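Notes to accompany the following structure.
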Amino acid sequence: MTDLATLGQRIRHFRNEAGLTLDQLGERVGIAGSQLSLMENGRREPRLSLLQGIAGTVGIPVSQLLDDAPPTPRAALEIELDRMQKAAVYQGLGLPAIRPSRTMPEETLQSLVGLHRELARRAREAIATPEEARRANTELRQSMRTRDNYMPEIEELAEEAVRGVGYVGGALTHRAVNLMAKKLGFELIFVNDLPHSTRSVTDLANGRIYLPPASIPGGHGLRSMALQALAHRLLGHQEPESYAEFLRQRLEINYFAAACLMPLTQSVEFLNRAKAERNLAVEDFRDAFGVTHEAAALRFTNLATTHLGMPVHFLRVGEDGALYKGYENDGLQLPTDVTGSTEGQLVCRYWSARTAFWRPNRTNEYYQYTDTPTGTYWCSTQTGTASNEEFSITFGVPFADAKWFRGRDTTNRVTSRCPDANCCRRPDTELSKRWAHQAWPSAKLHAHILAPLPSGTFPGVDDTELYAFLEAHSGE
């Protein structure tokens, strides 16, 4: 059955069409005009027998009265205004509701509805505060932990996609990615004027995917960006209605791209072979499929528990010790804030993710055993540079699984007592006594900490610039 607001509008519409007043129609169907008015205003639900009487009186079948479409464009506006005024966003303002009268100009009604739409849009946009984003990201990370960071449905979709272009092994070629795009009806186009807030833009109307002419900083290759754009279509994504949904979509397209660049069957065969030889290494996995070290380490986390039977952890840490990405299902105690978020938290200075920065030769992977309150872990860490900032990529396992990896014979071993502040966060007592109130450093503020998320349908994307870009290219 249709909702009461629409039903009331349809009763009023057909009553007016029949040239009847409220009292006249009420008299014919056996109720007071005031009761009928409540029904037309969506405040009371009529019995089916009464609806049959009304339909018969105004000369229409009851099915037409029960249609769920507003009877006129103006009625649609009145219904939308009523719903928006009942929503929590407007109710929270403490303002009175406005009932559109018959004499209210339609332009006024359109303006009121437009204002409410903008109010709702800004409310949705306000959800994407840094706090909400961190909370949503934490929930997503915890959800993936329960799945061992493994998504079999996307694995299957990626396997089917690469098989469809004749992939058999090794690095997925740019030509193969182009073929995948063509199968979906898209053409890959490389341009120099992408909006600054985007990595790629998909023109759904003309079947084009716009990409930069070269890789952007951070290890995101053109193949990966193109595959991520295709993943939105293959996974049936719609415009995200919340920051949590936006993050979930990002995770899914990144997973799909990785599963195409390092397909399940070939990856598991490669890793099992290396495990049998007790020679597992992220750098070998990286080189076998022609991807970045970070991509290989992350992909390892997808497959290690489900297909190799070992829990793992992954860290991307900045040179300042801040954790930018983190995953674990092996019990490693990652630093968190009061919301449970790990992003931006400082990792222990004795973990390999930080000690790797101290060595003079950073060409090869750095191996280390670390004794922690939750157990001993073996880690492999590689450092790199992006956007003039150094970072480290760490892949690690519990002590019992170190036997499968190259580098297990390292003599590097340290003890970490974090989260105990006396481990590495509280200065030496003697130094504190000497320098307390005797030093005044000029703090370095990271601007992104205070910056709100940019506006737009997709968090971080400037809609104005995006649409101007598409308009400029649509006529090509």
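The values are calculated or read from the model by the stated rules, or taken from the named source; none is laboratory data. Please read all numbers here as calculations on a predicted model, not as lab measurements. Neighbour counts run over all protein chains shown; Cβ positions are idealised from the backbone, glycine included. Side chains are part of the model used for accessible areas, which takes the heavy atoms of the whole protein and leaves out ligands, DNA and RNA. Shrake-Rupley method; radii C 1.70, N 1.55, O 1.52, S 1.80 Å.
Of the helices (runs of 4 or more DSSP H) lying entirely inside the range 1-73, those containing at least 3 residues that are open to solvent by 50 Å² or more (accessible area, probe 1.4 Å) and within 23 Å of E106 (Cα to Cα) are 4-17.
From the list C418, C423, which residue is in contact with a helix residue (DSSP H, G or I) (Cβ under 9 Å, 6 or more places away or on another chain) and either assigned to a helix (DSSP H, G or I) or open to solvent by 10 Å² or more (accessible area, probe 1.4 Å) (or both)? Among C418, C423, only C418 is in contact with a helix residue (DSSP H, G or I) (Cβ under 9 Å, 6 or more places away or on another chain) and either assigned to a helix (DSSP H, G or I) or open to solvent by 10 Å² or more (accessible area, probe 1.4 Å) (or both). Against the list (1) buried (at least 20 other Cβ atoms within 10 Å of the Cβ); (2) under 24 Å from the mean Cα position of the chain (by Cα), the condition F289 fails is (2). Within the range 48-69, residues that are in contact (Cβ under 8 Å) with a residue 40 or more places away in the chain and closer than 18 Å to T6 by Cβ reach partners that are open to solvent by less than 30 Å² (accessible area, probe 1.4 Å) and part of a loop (DSSP other than H, G, I, E, B) with beta carbons closer than 8 Å, at six or more positions or on different chains, in the pairs I54/P46; V58/L20; L66/T2; D67/T2; D68/T2. Of all the residues in the range 163-194, those that are closer than 19 Å to L235 by Cβ and open to solvent by 70 Å² or more (accessible area, probe 1.4 Å) number 3. Exactly one residue out of F285, F314 is outside any helix (DSSP H, G or I), among the hydrophobic types (A, V, I, L, M, F, W, C) and in contact with a Phe, Trp or Tyr (Cβ under 8 Å, 6 or more places away or on another chain), and it is F314. Scanning the range 195-219 for residues that are among the aliphatic types (A, V, I, L, M), modelled with pLDDT of 90 or more and open to solvent by 20 Å² or more (accessible area, probe 1.4 Å) gives L204, A205. Only one entry in E156, E160 is part of a helix (DSSP H, G or I), more than 13 Å from L230 (Cβ to Cβ) and open to solvent by 40 Å² or more (accessible area, probe 1.4 Å), namely E156. Scanning the range 391-415 for residues that are assigned to a strand (DSSP E or B) and open to solvent by 60 Å² or more (accessible area, probe 1.4 Å) yields R413, T415. If you check L172, L194, L179, L140 for being in a loop (DSSP other than H, G, I, E, B), among the hydrophobic types (A, V, I, L, M, F, W, C) and either under 21 Å from Y243 (Cα atoms) or more than 25 Å from the chain's Cα centre (by Cα) (or both), only one passes: L172.
Applying a threshold of 9 Å to beta carbon distances and a minimum spacing of six or more residues, or different chains, the list of pairs starting in the range 334-347 at a residue that is closer than 14 Å to E132 by Cα and ending at one that is aromatic (F, W, Y) reads E343/Y324. Kindly check whether there is at least one residue in the range 323-335 that is under 21 Å from the mean Cα position of the chain (by Cα) and surrounded by fewer than 18 Cβ atoms within 10 Å (Cβ to Cβ). Yes, the range 323-335 contains at least one residue that is under 21 Å from the mean Cα position of the chain (by Cα) and surrounded by fewer than 18 Cβ atoms within 10 Å (Cβ to Cβ).
When restricted to residues that are over 27 Å from the mean Cα position of the chain (by Cα), exposed (fewer than 14 other Cβ atoms within 10 Å of the Cβ) and of a type outside the set (A, V, I, L, M, F, W, C), the range 84-128 contains 15.
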